[in-house]
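The values are calculated or read from the model by the stated rules, or taken from the named source; none is laboratory data. Treat the numbers as computed from the prediction; the structure is a model and nothing was measured. Note: ideal-geometry Cβ built from the backbone for every residue, glycine included; neighbour counts use all protein chains shown. Just so you know, the surface numbers come from the protein's heavy atoms only, side chains and all, with ligands and any DNA or RNA stripped out. Shrake-Rupley method; radii C 1.70, N 1.55, O 1.52, S 1.80 Å.
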Amino acid sequence: MQQGFQSADNSADLLAQVQAAIASHTPLRPRGGGSKDFLGRAVDGVVLDTRNHSGIVSYDPTELVITARAGTPLSVLQAALDDAGQMLGCEPPSGNGAATVGGMVASGLSGPRRPWSGAVRDFVLGTRLITGRGTHLRFGGEVMKNVAGYDLSRLLAGSFGCLGLLTEVSLKVLPKPQCSHSLRLEVTFADALQKLAEWGRQALPVTGASHDGHALSVRLEGGEAMVEASRLRIGGDTLDGGYWAELRERRLPFFVDARPLWRLSLPPNTPPLPLPGDVLADWGGSQRWLLSDADAGTLQAFAAMHGGHATCYHAGCEQPFQPLAPVLMRYHRQLKAQMDPHGIFNPGRLYAGL
């Protein structure tokens, strides 16, 4: 446990705050450690702080499931897993130690291992949620799946607190790999994509692949014999394994730039694109970090044209998330109306009027 960390069930107080906000029609801004405050549109609402509602509720390493309250620091949960030789397969960013379990799920952000192990939503088994109707419900696990045909536990991943207040999350965890080795190869981005496709067909144990415009960085994980055989096959120079944490936390020199930062999510094997700015590729090329002064409309239209979407990581962006097609926006509005009929949770954070 972290020094000074205290476990406490503060759900009754959180529920009372939500019920009071409903009665007074006061917008709320759910917040944990604040490590994702810069993401999304600005919200004019009262902060609903979850950090006093924290602690690991249950964890049996033999079951590969851990349940924690939403305000639990992600670092506390990861320390407990590490002691048992386990990990979160989605490798979420820690926000330099500020991230909480609830914020991890609400943002749905995954790290370099995501294409090979899965996204945050793939590891969510169950949740507890205070809804915009002033009720505290449990979803997933052994109890009810949903209320309206939705897998609500996983639907909450990436909802940015717009559907309700997460109070508890049950997550599937994975054993840590026995061996890990990272390599760096001087190849072009186009050649890197070809190599990654070839290694995928050969089932090499790749769990990280990034290209910085000059070289391909690769992480191999698994049994010692398999990792060693793959290392000899791939070649290249040994890379410090700390690179992946620096990439995950956006601490690499690439990210030290005054230009707005964008994240483009694209289909696998999308070739190099003529993007207006500097690019660092992650997720084997499916995620491309872009530093560019181009306007939001241009970049998001470009991403959509290539089958993906673009998200602005620069605070103050008027249109940070990819515009939705009319039919998808209608579904979003209908879901919001069901879960938060009074519109008190993070109004406008994702899209204006939502």
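Cysteines of the chain lacking any other cysteine Cβ under 4.7 Å from their own Cβ: Cys90, Cys162, Cys179.
Against the chain, whose longest principal axis is taken from its Cα atoms, helix 224-234 shows a tilt of about 60°. Just in region 208-244: which trypsin sites (Lys or Arg not before Pro) are loop by DSSP and have at most 14 other Cβ atoms within 10 Å? Listed in order of number, the matching sites amount to none. In degrees between 0 and 90, to the nearest 10, how far off the longest principal axis of the chain does helix 74-83 point, with axes built from Cα atoms? The answer is roughly 60 degrees.
Within the accessible area of region 242-334, what % is carbon and sulfur when the probe is 1.4 Å and the other protein chains stay in place? Summing carbon and sulfur atoms, their accessible area is 60 percent of the total for region 242-334.
If you take every DSSP beta bridge fully contained in the chain, what fraction is antiparallel? Give it as a percent rounded to 5.
Details: 55 of 60 bridges.
So the antiparallel bridges amount to about 90 percent of the total.
Between Asp60 and Arg138, the modelled label-to-label distance comes to 1.5 nm, taking each label 7 Å out from Cα in the direction of the beta carbon.
With the simple spin-label model, which puts each label point 7 Å out from Cα in the Cβ direction, the Ala20 to Ala190 separation comes to 6.3 nm. When the alpha carbon gyration tensor of region 179-312 is reduced to an equivalent ellipsoid, the three semi-axes, largest first, read 28, 16, 11 Å. Computed from Cα atoms, the angle from the helix 296-305 axis to the main principal axis of the chain rounds to 70 degrees. In this structure, the amide hydrogen of Gly118, modeled 1.01 Å from its nitrogen in the peptide plane, lies closer than 5 angstrom to no residue at least 5 positions away or on a different chain.
Quick check on the chain: helices-only [θ] at 222 nm, where DSSP H runs of length 4 and up contribute -39,500 (n - 2.57) each and the sum goes over total residues. Nearest 500, please.
Working: 11 runs with 97 residues, N = 354.
About -7500 deg cm²/dmol.
With the chain treated as a Gaussian network of Cα nodes joined by springs under 10 Å, which of Ala225, Ala215, Ala79 yields the largest mean-square fluctuation? Sorting by GNM fluctuation, first place goes to Ala225.
Here region 256-279 is scanned for amide nitrogen atoms under 20 Å from the site 7 Å beyond the Cα of Arg201 along Cα-to-Cβ, giving 268-272. Take the Kirkwood radius over Cα pairs of region 90-214, plug it into Stokes-Einstein at 10 °C and 1.306 mPa s, and you get 94 µm²/s for translational diffusion. Springs between alpha-carbon pairs under 10 angstrom, Gaussian network model over the chain: which of Cys317, Cys90, Cys179 fluctuates most? Looking only at Cys317, Cys90, Cys179, the largest GNM fluctuation is found for Cys179. The residues of region 179-312 expose, per residue, 45 Å² of accessible area to a 1.4 Å probe.
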